[in-house]
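J.: Before I ask anything, here is the structure I am working with.
None of the figures in this text is laboratory data; all of them are computed from the coordinates on show. The shown structure was predicted, so the numbers you read here are calculated from the model rather than taken from an experiment. Here the Cβ positions follow ideal geometry from the backbone for every residue, glycine too, while neighbour counts run over all protein chains shown.
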Amino acid sequence: MTLTEYAPPDTPLEILHADHEILLVDKPAGLLSVPGKGAHLADCLLERIRAAFPQALLVHRLDRDTSGVMVFALTPHAQRHLGLQFEKRQMRKSYVARLHGRLEPKSGEVDLPLAVDWPNRPRQRVDHEHGRAAQTGWRVLARGEAETRVRLMPKTGRSHQLRVHMRALGHPILGDPLYAEGPAADHPRLMLHSETLRLRHPDGGQGMTFRAPPPF
């Protein structure tokens, strides 16, 4: 297991949508969603956003190495509203990933409970006895002998869920520093991107879908 030194990308904030209640951005890979412990981990997406939107409030997170769509609240009301949508699994998210090897068949679902792998934190593991329920739908977009491009539709939001579920299928996400080994780990970044996020707007409940195309 190798964790690289924190070197956040020096890229400008990419705003997908902003109004009086919500802010949608495209998070770059390699940037923490929130600050870590210590001054060297202070640079994060939330702090960069607050430089332009001081009222911004956290709603959810993406792993440091995952890129893509994230929503932030701009009022306490919006934070509560969006938080409940996540809690009640009303938020719809889809990801694009590049996997090691050739995944068969064309679609399916992983239903494996997850728990913290305490001796190897921050890793998670499949745990049928103590794990929390976790489900991920998947659909093949393209495949060759060496890798498969998939769309992933998580039904739950456990830590590292997509990464552990793909590894459990025998097809870890390329470039994963925690769950891939050998050639599968030898990529410039984790090949996982939050492509779409569908939510109900906190002011009126209108359904809205936001998209950021994958950079790989």
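J.: When N is the residue count of the chain, what does its C-alpha Rg come to as a fraction of 2.2 N^0.38 Å?
T.: On the way: Rg = 17.1 Å, N = 216, 2.2 N^0.38 = 17.0 Å.
Compactness ratio reported: 1.01.
J.: Here's a follow-up. Each label point is 7 Å from the Cα along the Cα-to-Cβ direction; what then is the distance between the points at His77 and Glu109, in nm?
T.: Reported label-point gap for His77 and Glu109 is 3.6 nm.
J.: Which value, in debye to the nearest 20, describes the size of the charge dipole of the chain about its Cα centre when Lys and Arg Cβ atoms bear +1, Asp and Glu Cβ atoms bear -1, and nothing else is charged? It would help to have the intermediate numbers written out before the result.
T.: On the way: 30 positive and 24 negative charges, 117 e Å.
For this selection, approximately 560 debye.
J.: To continue, here is another question. Between Asp117 and Glu87, what is the label-to-label distance in nm when each label sits 7 Å out along the Cα-to-Cβ direction?
T.: For Asp117 paired with Glu87, the spin-label model returns 3.2 nm.
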